[in-house]
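The values are calculated or read from the model by the stated rules, or taken from the named source; none is laboratory data. Bear in mind the structure is a predicted one, so any value in this text is a computation, not a measurement. Cβ: placed from backbone, ideal geometry, glycine included. Neighbour counts: every protein chain shown. SASA here: full protein model, heavy atoms, side chains in, ligands and nucleic acids out. Shrake-Rupley method; radii C 1.70, N 1.55, O 1.52, S 1.80 Å.
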Amino acid sequence: MRKVATAAIFTALSGAALMGATAGQPAVAAPSVDMEAVVKAAMWDPYKADQSITPGSGPSVKVVEEALAAKNLLDKKQVDGHFGTSTVTAYKKYQKSLGHSGLAASGLPGKGSLTELGKGRYTVSAPIGVGAKTSLDGKTVNKRTADMIAAAEKKAGVKFTVTQGSYNAGGVGASGGTHDGGGAVDISVSNLSNKTAAVKALREVGFAAWHRTPSQGNWAEHIHGIAISDTDMSPQAQAQAGDYFEGCNGLASHAKDDGPQVKKVTWEEFKRG
């Protein structure tokens, strides 16, 4: 009796991670989808001029696309490992089918929807969590963004002052919706003797960051940052992250990036060294 019960419990616990098992045949482990890789591709691929695959993301993206195709949300010919606009649209439809709306149905995968999509098909590894909302200089950000700023401050050797945080829908018209969701910050330059070094530090820990001047738009001089791979961010912020990866300035002009050149990383990649 004890052996039978133990076997039943093991089957129940491991069934979600096994696929294709039938009587007399060995079980096949379900594929693993790397969430970090998928989210990075979802932020970068839609803004590429070609169909190239984000390094390291192809296999995981393809598994997600296969799951979307199985639900008739994506044409099978689009199952190619490139998280382009067709995949974004399909994923958005899937999020809406779960009852999500607004920023929760932007086409950017979150842990909950990615896990739900994978039931019976794949498991999720390298999950991204943005943490609870907190406050910096009286402005709202999430814990992931706050931790990133603290790390950048340590690198730059200076205290940053946040002048606009995240989750600030409609707060500043000139921001164009980039601060509507998570991961977006504006930082004062009034106490920065070396603005380039500050931007560099922010980039090195995972921000798409730029020094903004009044000559570029209707705003006061500041540093604008987008926390790459923040799963709460707005579509407008996602577009800026994509622009950054493409070597552009994150503005409507899509001009060449005029900031310090660094290895482009996410926060999770920075922490791993």
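Over the chain, DSSP H runs of length four or greater, each weighted -39,500 (n - 2.57), average out per residue to a 222 nm ellipticity of -10500 deg cm²/dmol. Spatially, segment 209-242 and segment 146-166 are offset by 15 Å when compared through their Cα centroids.
Database remark: amide H of residue 189 closer than 5 angstrom to the amide H of 223 (H placed geometrically; neighbours at sequence offset of 5 or more, or on other chains; Pro and chain starts carry no H).
Calculated on the alpha-carbon coordinates, the convex hull of segment 32-125 measures out at 81 cubic angstrom per residue.
Quick one: which residues, 5 or more positions from residue 33 or on another chain, have an amide H under 5 Å from its amide H? H modelled 1.01 Å from N in the peptide plane, none for Pro or chain starts. Under 5 Å from the amide H of residue 33 lie the amide H atoms of 123, 124, 125, each far enough along the sequence or on another chain. In the full protein context, the chain carries 48 Å² of accessible surface per residue, based on a 1.4 Å probe and ignoring ligands, DNA and RNA. Based on the reciprocal of the average 1/r between different C-alpha atoms, the Kirkwood radius for segment 133-272 equals 14.5 Å.
Among 156-168, 119-131, the peptide with the highest mean count of other Cβ atoms within 10 Å heads the list, and the full ranking is 156-168, 119-131. If R0 is taken as 41 Å, the Cβ-Cβ distance between residue 153 and residue 52 corresponds to a FRET efficiency of 0.75. When Rg and Dmax are taken over the Cα atoms of the chain, they come to 20.7, 78 Å.
Straightening the chain between residue 75 and residue 194 buys 37.9 nm, computed as 0.36 nm per residue apart minus the Cα-Cα spacing. Rolling a 1.4 Å probe over the protein heavy atoms of segment 32-125, with every protein chain left in place, gives an accessible area that is 49 percent carbon and sulfur.
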